[in-house]
Amino acid sequence: MTAPPETHQQSIERRAQELLAQLSVAEKLALLEGDTDFWPGMVDIASRDASHLHPWPAGAVPGLGLAGLQFVDGPRGVVLQGGATTFPAPIARGACWEVDLEERIGVAMAREARSFGANWLAAVCVNLLRHPGWGRAQETYGEDPVLLGAMGAAMTRGIQRHAVACVKHFALNSIDSSRFLVDVQVSERVLHELYLPHFRACVEAGVGSVMSAYNQVNGEWCGQHPALLNEILKQRWGFTGFVVTDFIFGVRDGVAAVRAGQDLEMPFRMIFAGCLTAAVADGRLPQQRLDDAVLRQLRAQLAVPPGSYPTSLRGCAEHRALAREAATKSIVLLKNEAFSPGPPLLPLDPARSLAVIGSLAAIANLGDRGSSDTRPRARRGGHALAGATGRGCAGGCALCQRRATG
């Protein structure tokens, strides 16, 4: 009796095991950190705005035919310069309540990422919005774990068709101003009922990677949190992908992090490079844990589908129409009272023109200056009113008058 044909998943596992067997300890350790040296990488960021110029590489082993992973943000479209589509921010898309639409956006983002040479996209932000002043509020879908889970899972499914999706930031990362200091105290019930279900939904949707958070939870840093990374994520939920640190400051204790379930430090050779070799040699880092981390990344690399993704995908008519559909559906009308006398304001009369007034009228407002800071090609969207200033206002509005008077 002949054996049944090998499934795609079985093929990936077999190839990953074969590659693992060919790697030296030094090569395995190199796979646990980004492929960029620290100081050149920091100079690249500080002097050239590098995160908008190229993906961040990891896991390349040319001798074994491994091209590696190429990381890029972000939640409303690929942030690299070159004309990628800028979609409405996730907080707007969450107001659509349409998982099919979100999955289609995930597909579009992943295809555009591949056109830049990237294959790993950090576009799934599902942190629970607990305070409107949170600096990443626009990158998540809202304050309800059910909505976050449904939309995050949809984005995950879309991205995973063409690339490796990354869901972030695991977990309880709901404040930016003190994220490197704060220790979030949370009960088991609140943790599992409010702050984790949406991450689990993304895991069940097949997400390839999970990014740990900067903050602490119940006295331990998330990047080296055994309960979060190992007991809950990998053991209880059965996550088979890999865990990656948040960038640059995501690791405090390298050995403790890997032992706790951390698999990859990004984007530079930093903490892991200074401690893991000795830890493997003296037994503090078991070989089994090292092999597990490497296997998780190898599986993700091998699962990336081959294919050609031309630059013409970026900002193409299909993707711009998708962005417009999301923008239209995200608008929520709370009240449409009639003016007396006269009809309600909406719908607008298509025969009339529309003026946008104020100091921001002529300034592109595409997102924050972080993970959702996209760089689309400039497109003509409107016409200045006669007599308007460069700010898009004739100077008569209250904001301009206050500015003029100091």
*Taking the chain as a Gaussian network, Cα atoms linked when under 10 Å apart, which of Arg189, Arg352, Arg130 shows the biggest mean-square fluctuation?*
Arg352
*Where does the chain land at 222 nm, in deg cm²/dmol rounded to the nearest 500, when only DSSP H runs of n ≥ 4 count, each adding -39500 (n - 2.57), divided by all residues?*
-10000 deg cm²/dmol
*asked:* How large is the translational diffusion coefficient of the range 213-362 in µm² per second when you combine the Kirkwood radius over alpha carbon pairs with Stokes-Einstein at 10 °C and 1.306 mPa s?
replied: 77 µm²/s
*Give the Cα extents of the range 213-269 along the principal axes, in whole Å, largest first.*
29, 25, 17
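First obtain the Kirkwood hydrodynamic radius of the range 266-351 from its Cα pairs, then insert it into the Stokes-Einstein equation at 20 °C and 1.002 mPa s, and state the resulting D in µm² per second as a whole number.
Here the translational diffusion coefficient equals 108 µm²/s.
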*Give the ranking of Ser11, Ser47, Ser24 by solvent-accessible surface, highest area first, calculated with a 1.4 Å probe.*
Ser47, Ser24, Ser11
*Once you've got the GNM for the chain with C-alpha springs shorter than 10 Å, pick whichever of Val164, Val72, Val217 has the biggest mean-square fluctuation.*
Val217
*Residue with peak Gaussian network fluctuation, the chain [Cα springs, cutoff 10 Å], from Leu333, Leu148, Leu276*: Leu333
*Show the residues, 5+ positions off or on another chain, whose built amide H is closer than 5 Å to the amide H of His169.*
Val126, Asn127
*For the range 214-263 and the range 1-75, write down the distance between their C-alpha centroids in whole Å.*
19 Å
_Counting DSSP beta bridges with both ends in the chain, the antiparallel % (nearest 5)_ = 30 percent
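Checking the a/c ratio against 1.5 first, then a/b against b/c, what shape does the Cα gyration tensor give for the chain? Kindly include the intermediate steps, with their values, before the conclusion.
Numbers: a/c = 1.89, a/b = 1.79, b/c = 1.06.
Prolate, since a/c reaches 1.5 and a/b exceeds b/c.
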*Work from the charge dipole of the chain (Cβ charges, +1 for Lys and Arg, -1 for Asp and Glu, about the Cα centre) and give the residue of Val207, Cys275, Cys96 farthest towards its positive end.*
Cys96
*Which of rounded, prolate, oblate describes the range 96-248, given a ≥ b ≥ c as roots of the alpha-carbon gyration tensor eigenvalues and a/c under 1.5 marking rounded, otherwise prolate only if a/b is larger than b/c?*
prolate
_Pairwise label distance in nanometres, His8 with Val332, each label 7 Å out on the Cα-Cβ vector_ = 3.6 nm
*Gly206: net charge of surrounding residues, Cβ under 13 Å, Lys/Arg +1, Asp/Glu -1, itself excluded?*
+2
*Calculate the length of the line joining the C-alpha centroid of the range 108-147 to that of the range 183-198, in whole Å.*
20 Å
_Environment charge of Glu143, counting only residues whose C-beta is closer than 15 Å and scoring Lys/Arg +1, Asp/Glu -1_ = 0
*asked:* Shape verdict for the range 241-302, please, from the Cα gyration tensor: rounded (a/c under 1.5), prolate (a/b greater than b/c) or oblate.
replied: oblate
_Cross-link candidates for Lys335: which aspartates and glutamates have Cα within less than 19 Å, leaving aside residues fewer than 8 places away along the same chain?_
Asp349
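The values are calculated or read from the model by the stated rules, or taken from the named source; none is laboratory data. Quick caveat, the model's predicted, so the values are computed rather than measured. Reconstructed Cβ throughout: ideal geometry from the backbone, glycine too, with neighbour counts over all protein chains shown. Quick note on the areas: whole protein, heavy atoms, side chains included, nothing else; ligands and nucleic acids left out. Shrake-Rupley method; radii C 1.70, N 1.55, O 1.52, S 1.80 Å.
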